[in-house]
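Okay, structure first, notes after.
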């Protein structure tokens, strides 16, 4: 009993001599970094578009703001970070947007504060693309690089190109998903290719005037056969073959060819004169301009002509 009492007395004394422990100080999380706006950045027909941006570490909420292109506030939407993926976040507000031009931005927020907003990204709500007949007018089409383009015989958009170089023309608008086609003709397909260009960027190689990045759907008269190929041009200008040169009886080796590309998200369909020749999936580039591209192997007066070109925006998938 005496030993027990002594131990209890010592324990009580120790407890009196030991100061109380303070709880650890709560760590304040850093304010999240500014997210990057990704999409939309194009013309699209849906009035309730989906918005996509990069994830910011430590964010609990994202603030999405939409304005008219003139700067009038339209709405702000809070999006919980728990609904996002590991690298990107997407949300489709129910707010209906009228046809017209808009811009949007996004910020990340947590208990410590809100990040600066991202740079504005522009987009447009429109179900109307273009239908250019080139009857005496370019209809807004512009030369991108290489040789000059002009109205030929009052009815066609044409170029003689430059020997050993790429010549291209484009329609000055950005599209995400689309149905794009053109009726084109080459005086001599053995002299080089004609291609439809889709989801194109704004770079041009100084060496041969190749327009990139983006996708080319090309046709050529090769080994006495009409053939087609599909390429992806990378951001560094390198060429990736998605479809090698392939013979097709759908190609008219003389006369006019109607080339068509339907792009919806990462899915593509390629047509020649109404015949589906290739379906493929490639999600590298989500938006860009469209155009017509040709190259020229010999010094001659051979022309590449476009009779018409048209595009309809499609509901975006990204």
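One table, with the values for the structure above:
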| read-out | value |
| --- | --- |
| Residue within region 21-33 that is touching a strand residue (DSSP E or B) at 6+ places or on another chain (Cβ under 8 Å), within 30 Å of residue 179 (Cβ to Cβ), modelled with pLDDT of 95 or more and surrounded by 10 or more Cβ atoms within 10 Å (Cβ to Cβ) present | no |
| Selection from region 246-285 of residues that are surrounded by 19 or more Cβ atoms within 10 Å (Cβ to Cβ) and under 18 Å from residue 175 (Cβ atoms) | 259, 260, 261, 262, 263, 268, 270, 285 |
| Subset of region 90-100 (residues that are surrounded by 15 or more Cβ atoms within 10 Å (Cβ to Cβ) and either in contact with a helix residue (DSSP H, G or I) (Cβ under 7 Å, 6 or more places away or on another chain) or part of a loop (DSSP other than H, G, I, E, B) (or both)) | 93, 97 |
| Residue that is modelled with the lowest pLDDT, among those in region 286-309 that are crowded, with 20+ Cβ neighbours inside 10 Å and part of a loop (DSSP other than H, G, I, E, B) | 296 |
| Residue check for residue 251: touching a strand residue (DSSP E or B) at 6+ places or on another chain (Cβ under 6 Å), in contact (Cβ under 8 Å) with a residue 12 or more places away in the chain and part of a loop (DSSP other than H, G, I, E, B) | yes |
| Pair list, Cβ < 8 Å and 6+ apart or interchain, from region 68-81 residues that are free of Cβ contacts under 8 Å to residues at least 24 places away in the same chain to residues that are in a loop (DSSP other than H, G, I, E, B) | 75/93; 75/95; 77/93; 77/95; 80/60 |
| Matching residues, region 38-62, being assigned to a strand (DSSP E or B) and touching a residue at least 40 places away in the same chain (Cβ under 8 Å) | 38, 39, 43, 44, 51, 52, 53, 61, 62 |
| Out of 230, 219, sole residue that is touching a helix residue (DSSP H, G or I) at 6+ places or on another chain (Cβ under 9 Å) and buried (at least 22 other Cβ atoms within 10 Å of the Cβ) | 219 |
| Residue within region 101-116 that is under 28 Å from the mean Cα position of the chain (by Cα), crowded, with 16+ Cβ neighbours inside 10 Å and closer than 22 Å to residue 208 by Cβ present | no |
| Unmet criterion (only one of (1) touching a strand residue (DSSP E or B) at 6+ places or on another chain (Cβ under 8 Å); (2) touching a residue at least 12 places away in the same chain (Cβ under 8 Å); (3) more than 17 Å from residue 216 (Cβ to Cβ)) for residue 275 | (1) |
| Qualifying residue in region 74-85 (condition: over 25 Å from residue 177 (Cα atoms) and out of contact with any strand residue (DSSP E or B) (no Cβ under 9 Å at 6 or more places or on another chain)) | yes |
| Any chance residue 204 is surrounded by fewer than 20 Cβ atoms within 10 Å (Cβ to Cβ) and in contact (Cβ under 8 Å) with a residue 60 or more places away in the chain | yes |
| Qualifying positions in region 111-138 - at positive phi, touching a residue at least 40 places away in the same chain (Cβ under 8 Å) and in a loop (DSSP other than H, G, I, E, B) | 134 |
| Residues of region 139-149 satisfying the condition of being part of a loop (DSSP other than H, G, I, E, B) and crowded, with 19+ Cβ neighbours inside 10 Å | 141, 146, 147, 149 |
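The values are calculated or read from the model by the stated rules, or taken from the named source; none is laboratory data. Treat the numbers as computed from the prediction; the structure is a model and nothing was measured. A quick note on method: Cβ atoms are made from the backbone with ideal geometry, for glycine too, and the neighbour counts reach across all protein chains shown.
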